[in-house]
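Asker: My questions will all concern the structure given below.
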Amino acid sequence: MPRARTEYVCRECGYRNPRSLGRCPECDAWGSFDEVSQRVAPVTAVRSHAPSAAAARPLRLSEIESADFDRIAVGMDEVGRVLGGGIVRGSLTLIGGDPGVGKSTLLTQLASGVADGARDPVLYVSGEESVAQVGLRARRMGLDAPNLLFLSETDADAIVETVRQTQASVAIIDSIQSVMTQDVDALPGSVSQLRECALRFLQLAKSSGVPIFLVGHVTKDGAIAGPKVLEHMVDTVLYLEGERFNQYRLLRSTKNRFGPTHEVGVFEMQGHGLVEVSNPSAVFLAERARSAAGSVVTVAMEGTRPILQEIQALVSRSSLAMPRRTATGFDANRLHLLTAVLSRRAGVALHDQDVYVNVVGGLRVEEPAADLAAALAIVSSIRDHPLPNDLVALGEIGLSGELRGVGQLEQRLREAAKLGFLRALAPPGARHHIDRRPFDLEVVPVSSVREALSSLGL
Ligand code: TYD
Ligand code: MG
């Protein structure tokens, strides 16, 4: 006889415990335990040698049909690139993002783009909004896809059945936290519901070949709510990011079984939906002031794509015992390191100065390749000496003030040349790019911050 056992599961990380706890020992979340009951089969005393299931047949590599993944065209280049070329049949994709960032907008556009080209309908299931609301949004965005079906439903089993019957070419579930199955005795959004519903959609995708998109909400610390198990289950995890007061949105892939990760697509939120930005470098530099002190451009890699970014610095005399170091879109620890290196290795006195560094356009630069640009911006600001408008700076700065190499240098230089930049300061390793210069850009190799400063007359 199976007996029921009660267990408590953390909503955030999936940690299990026989008792409810105030604070999860695994992820430190407070009040996050949900009760789940489990049926436990009694352990059979003697293990017999009789097989308990028929054996499965493994395949040789040569027996596996490797028709390259059959992809469905998305109709949006930026999304297609992030997915690795299109939507793979039978794939399960999770797309996360803050509330209001534009997940529903993006997926409505995606659904309409696919529906335009597909024979079978695309099914958009909303568990949060009524059909009227979803329809209103689609109309406002000027969409008129006869092949796009809307459904407002929260019962996972009903959704699975509907997807099967409509033979949808793509199904979108907005959101996984709002759906539930009657088989699990817990509230929608709890771990056990998430796990069970996601499993049903996974089985549906794999057995029917219908690609499924799940929208997932993000918790306050930036992870897709619910246990990590959701991210393990799906084939692809995408994040839609953006600042609330900024119209740009970045779509990133953090996991992709069918394509590259860390690829980004750039969009602009407008009155009629998201518009693809195919040349982000030009957009992010559009408002750049000419000849302003404290502004330097660098080229950061977003996935496989180089994007030009403007780094600004403002240095002003501090009235505090411990001067401020404030970074927006830039790593604060790196800023501390750069100010220390500038003081010790380049003779730039910053001990009584507040230093602010900002990456324009609400972007984030994570790479050390932006060090040189940030350091030059700081010195340009303190000396009130504008740097040439047609200059880009690349390179990681080491603790002894030396300039270190950066990856994909040629691609970065090419992008800068494309946008009309004429001069690049780069680490000494860049020398071989000078000999076989495929682009119209003068590359000045510098081996230290001090050398970079003196080459610019700072
Ligand atoms: P939405 O897609 O509902 O966000 P999410 O599903 O991620 O919660 O988008 C919400 C925001 O987008 C809302 O504040 C209004 C804005 N928006 C536009 O600016 N233009 C549009 O065409 C649409 C549909 C939304
Ligand atoms: Mg939404």
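Asker: Got a sec? How would C27, C10, C197 order by Cβ neighbour count within 10 Å, fewest to most?
Answerer: By the 10 Å Cβ count, ascending: C27, C10, C197.
Asker: From the residues Q203, S281, P188, which one has its Cα farthest along the dipole of region 178-301 in the positive direction, the dipole being from +1 and -1 charges on Cβ of Lys/Arg and Asp/Glu about the Cα centre?
Answerer: The one lying farthest along the dipole's positive direction is S281.
Asker: With a Cα-only, solvent-free Debye model of the chain, what are the log10 I(q)/I(0) values at q = 0.06, 0.10, 0.11, 0.14 Å⁻¹?
Answerer: Those come out to -0.36, -0.87, -0.98, -1.22, one per q.
Asker: Then there's this: Give the cysteines in the chain for which no other Cys Cβ lies under 4.7 Å away, or write none if there are none.
Answerer: Lone cysteines by the Cβ rule: C197.
Asker: HN-Hα J couplings of region 306-311 from phi, Karplus 6.51/-1.76/1.60, θ = phi - 60°, integer Hz, Gly and Pro as x?
Answerer: Each residue of region 306-311 in turn: x, 10, 6, 9, 8, 10 Hz.
Asker: Collect residues whose amide H, placed 1.01 Å from N in the peptide plane, falls under 5 Å from the amide H of I311; neighbours closer than 5 in sequence don't count.
Answerer: V296, V297, T298
Asker: What's the longest piece of the chain with no exposed GluC sites (Glu not before Pro), counting a site as exposed if DSSP puts it in a loop and it has at most 11 other beta carbons within 10 Å?
Answerer: 66-286
Asker: Only helical DSSP H runs with n ≥ 4 go in: add -39500 (n - 2.57) per run for the chain, normalise by residue count and round the 222 nm mean residue ellipticity to 500 deg cm²/dmol.
Answerer: Values: 12 runs with 122 residues, N = 458.
When only DSSP H runs of four or more count, the value is -8000 deg cm²/dmol.
Asker: I've got another one for you. Out of V443, F33, L94, whose Cα points farthest toward the positive end of the dipole of the chain (charges: +1 Lys, Arg; -1 Asp, Glu; placed on Cβ)?
Answerer: Farthest towards the positive pole: V443.
Asker: Taking the Cα centre of the chain as origin, sum charge times position over the Cβ atoms of Lys and Arg (+1) and Asp and Glu (-1), and report the length of that vector in debye to the nearest 20.
Answerer: Rounded to the nearest 20 debye, it is 860 debye.
Asker: Now, a different point. For region 393-403, what does the Karplus curve 6.51 cos²θ - 1.76 cosθ + 1.60, with θ = phi - 60°, yield as ³J(HN,Hα) per residue in whole Hz, taken in order and with x for Gly and Pro?
Answerer: Once θ is set to phi - 60°, the couplings for region 393-403 become 10, 9, x, 8, 9, x, 5, 8, x, 7, 9 Hz.
Asker: Let me ask you something else. Name the residue from L391, G420, L83 whose Cα lies farthest towards the positive end of the charge dipole of the chain, charges +1 on Cβ of Lys and Arg and -1 on Cβ of Asp and Glu.
Answerer: Most positive-ward Cα: L391.
Asker: State the Cα centre-to-centre distance between region 110-177 and region 247-325 in whole Å.
Answerer: Between the Cα centre of region 110-177 and that of region 247-325, the gap is 33 Å.
Asker: On a 0 to 90 degree scale, rounded to 10, what angle separates helix 409-418 from the longest Cα axis of the chain?
Answerer: Rounded to the nearest ten degrees, it is 70.
Asker: A further question follows. Across the chain, how many lysine pairs, 8 or more apart or on two chains, come within less than 26 Å at their alpha-carbon atoms?
Answerer: Total qualifying Lys-Lys pairs in the chain comes to 9.
Read the figures in this text as sums done on the coordinates, not as results from a lab. This is a predicted model, so every value here is computed, not measured. With ideal geometry, Cβ positions are generated from the backbone for all residues, glycine too; neighbour counts draw on all protein chains shown.
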